[in-house]
Amino acid sequence: MPEVKFLFDFGSPNAYLSHKAIPQIEARTGVRFDYAPILLGGVFKLTGNQSPALAFAGIRNKLAYENLETRRFVARHSLAAFRMNPHFPVNTLQIMRGAVAAQALGVFEPYVEQVFADMWERGLKMDDPQVMRQALADGGLPVEELLAASASDEIKARLVANTEAAVEAGVFGAPSFLVGSELFFGKDRLGAVEEEILRQSVPARGLIGAAS
């Protein structure tokens with residue numbers, strides 16, 4: 001089976017939408033996505049990219065169409081809980097360091113579920129330290145351990161390394177996906193991601209069939 005990476009930042013609404021759709025692809029393909037926290041601001045700095053809100057601000061109808069595609073995606077996947085964060089854009093440095101810390105502490109999956117929901121269902125201002133602390137506590141996460149680990153040089157360096165490695169692999173924004181070395185960008189490429197997973201899985205399945 002191919003290695004599949006989901007490179008994400010909690011600050012991207014499309015990363016949240018992708019996250020909610022990924023389990024369906026995992027169920028159909030039998031491949032587990034490897035979640036890789038990156039810092040989108042760092043990606044923008046390293047690549048010269050900028051957010052769609054800035055990049056498309058002067059283009060008539062472009063942002064309206066982006067919003068239309070979001071509504072279609074939400075309807076297609078029955079994501080009624082989604083809503084735009086009223087504090088958008090949110091500085092995600094602390095919560096992305098927290099994601100790397102959560103990996104080290106063995107609470108990554110509940111942390112990801114909690115923070116994505118806090119950002120794109122509850123609409124919390126997750127760059128406010130007190131709001132973030134309370135949200136993590138409400139989710140039953142080890143707040144003090146997460147904050148202490150997030151402040152360590154090791155965790156900070158790991159997030160930087162993740163971000164730099166993503167850019168070296170061709171990433172310029174989030175969400176991005178790597179199926180082996182094949183790069184895909186954006187929630188609208190999830191169909192192509194699934195096709196590539198199946199394409200890369202065919203030789204292995206053929207060998208299994210021949211041996212049975």
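Placing +1 on the Cβ of each Lys and Arg and -1 on the Cβ of each Asp and Glu in region 4-211, which of 201, 93, 106 has its Cα farthest towards the positive end of the resulting dipole?
201
Springs between alpha-carbon pairs under 10 angstrom, Gaussian network model over the chain: which of 172, 56, 33 fluctuates most?
Highest fluctuation among the options: 56.
Treating only the Cβ atoms of Lys and Arg (+1) and Asp and Glu (-1) as charged, compute the dipole magnitude of region 4-211 about its Cα centre; round to the nearest 20 debye. Before the final figure, lay out the partial values.
Values: 21 positive and 23 negative charges, 140 e Å.
Magnitude of the dipole: close to 680 debye.
Cross-link partners among lysines for residue 20, C-alpha distance below 17 Å, same-chain residues fewer than 8 apart left out?
By straight Cα distance, residue 20 reaches 5, 187.
Scan around residue 35 for amide H atoms under 5 Å from its own, H built in the peptide plane at 1.01 Å from N, and keep only partners 5 or more places away or cross-chain.
Excluding prolines and chain starts, which carry no amide H, the hits are 6.
In straight Cα distance, which aspartates and glutamates are under 13 Å from residue 156, not counting same-chain residues fewer than 8 positions off?
Output for residue 156: 164.
Order these by the 10 Å Cβ neighbour count, fewest first: 47, 92, 29. Intermediate results must be reported in sequence, preceding the final value.
Working: 47 14, 92 23, 29 18.
So the ranking, lowest neighbour count to highest, is 47, 29, 92.
Percent relative contact order of region 95-156, based on C-alpha pairs within less than 8 angstrom and at least six residues apart? Don't skip to the end; give the middle numbers.
Values: 46 pairs, mean separation 26.0, N = 62.
Answer for region 95-156 is 42 percent.
Each reported figure results from applying straightforward, stated rules to the coordinates on display, with no laboratory input. For clarity, every value in this text was computed on a predicted model and none was experimentally measured. When we count neighbours, we look across all protein chains shown, and the Cβ atoms used for this are built from the backbone with ideal geometry, even at glycine.
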